[in-house]
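First up is the structure itself, then whatever we jot down about it.
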Amino acid sequence: QFLQSGLYDAGHGVHDEMLFIIIHQTYELWFKQMLYELDSIIALMNTADGAVAECDLFVCANRSERCCRILRVLVQQFDVLETMTPQAFSDFRDFLSPASGFQSKQFRLVENRLGLRPSQRIEHSGCPYYQHLPDIAEQQEVTESEAETSLLGLVSAWLERLLSECCGEWNFASYMCKAIEQAAEHDRAAIAKYPAVRAAADGGFAARNDAGAALAELEKKRQAHLRLFDPEAHQELLDKGIRQLSFRATMACVFVQSFSSDLSLQTAHRLVNNLIAIDEDIARWRHRHASLVLRMIGSKNGTGGSSGHGYLKHVMDRSRIFVDLCHSSHYLLPQHSMPPLPAQVKLRLQRRQEPWKAQEDALMADGPRSRARSFS
């Protein structure tokens, strides 16, 4: 690609424009690889009933981790771009207009594949995001991808199915409510026995030695925690657009995180953590981008017509995709507060391990040659 600045002054293009071009071309190459990985994960998880075979789940966990590593490389590339000074950028910035990062079709496809909703997008210059793409065919491809099955939708279906596989008719939400009540009873006894110490831990009431205030604070927390396991309260959050995952999918995520040390849940836990990491890494990439824009152009408008740093900061606040998986941490209890699982649930978890164990035993019995074939 020719330097745009060189077109206006033949043979005397601005030196740092080459760095700018290389960085953006590298981004596009990595976006292409991310799409390739995401499409493969979606294909493996897109089943009729939401069930995903454990061997396929293992592949999804590996490939989602690869997406995390790619995103971290993209964040690190800002370190190279930041060696450019604002003065050097201003020497060729005007030659780039109206080109903009808004014109990256592949990044828009990555967002849609992951599950970014149209309602989360922020318009600028009076038109939807896809109209900033220069080619009509690209605009159509991106808009059509909004209607395709997203990874977020598939993860929700998979989690719901996982809860059924692990728990059957057993009510995990009721189990958690019982555990919350038991933990609250333990804390009430602790406040009664050691009011000053407990009050300090719960809200700084030690100076007054006010056990009553500590108990009131504990009751407030207890009710709030119980409300998290109320299906009707969760539906209210869904109706308001505050949550995206269904109640059953949320319960499954809490179950996986609560018992992540169980061998049968470790792959599922790894996949959930990778999806959270993808969301965090994209947010980190957006933050670095917004910070770089502020450093390079201050409060000027972007070359694509946006408000620049202000627009990017607003987008960063509204573009989280797997944030519901993060919210599941709010539902958790300390390990010592968790009652033992019922025998039938333990048996279900044990049975989930059997296909993997049978496959491993068969490979060991066939010897190294068979194992080599299985991974070829």
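The values are calculated or read from the model by the stated rules, or taken from the named source; none is laboratory data. Remember, predicted model here, so these are calculated numbers, not experimental data. Because the Cβ atoms are built from the backbone with ideal geometry, glycine has one as well, and the counts that use them run over all protein chains shown. Accessible surface areas use protein heavy atoms only, side chains included; no ligands, DNA or RNA. Shrake-Rupley method; radii C 1.70, N 1.55, O 1.52, S 1.80 Å.
Cβ separations smaller than 7 Å between residues 6+ apart or across chains give the following pairs from the range 332-347 residues that are within 12 Å of residue 166 (Cα to Cα) and touching a residue at least 60 places away in the same chain (Cβ under 8 Å) to residues that are part of a helix (DSSP H, G or I) and not polar (S, T, N, Q): 345/166; 345/167. The number of residues in the range 230-281 being out of contact with any Lys or Arg (no Cβ under 9 Å at 6 or more places or on another chain) and open to solvent by less than 10 Å² (accessible area, probe 1.4 Å) comes to 12. Under the condition of being touching a residue at least 12 places away in the same chain (Cβ under 8 Å) and either of a type outside the set (D, E, K, R) or in contact with a Leu (Cβ under 9 Å, 6 or more places away or on another chain) (or both), the residues counted in the range 121-144 number 11.
Counting the residues of the range 62-89 that are part of a helix (DSSP H, G or I), more than 23 Å from residue 110 (Cα to Cα), of a type outside the set (Phe, Trp, Tyr) and touching a residue at least 40 places away in the same chain (Cβ under 8 Å) gives 3. So, residue 118, is that one open to solvent by 70 Å² or more (accessible area, probe 1.4 Å) and without any contact (Cβ under 8 Å) to a residue 40 or more places away in the chain or not? Spelling it out, residue 118 is indeed open to solvent by 70 Å² or more (accessible area, probe 1.4 Å) and without any contact (Cβ under 8 Å) to a residue 40 or more places away in the chain. Candidates 156, 145, 164: the one that is more than 23 Å from residue 331 (Cβ to Cβ) and polar (S, T, N, Q) is 145.
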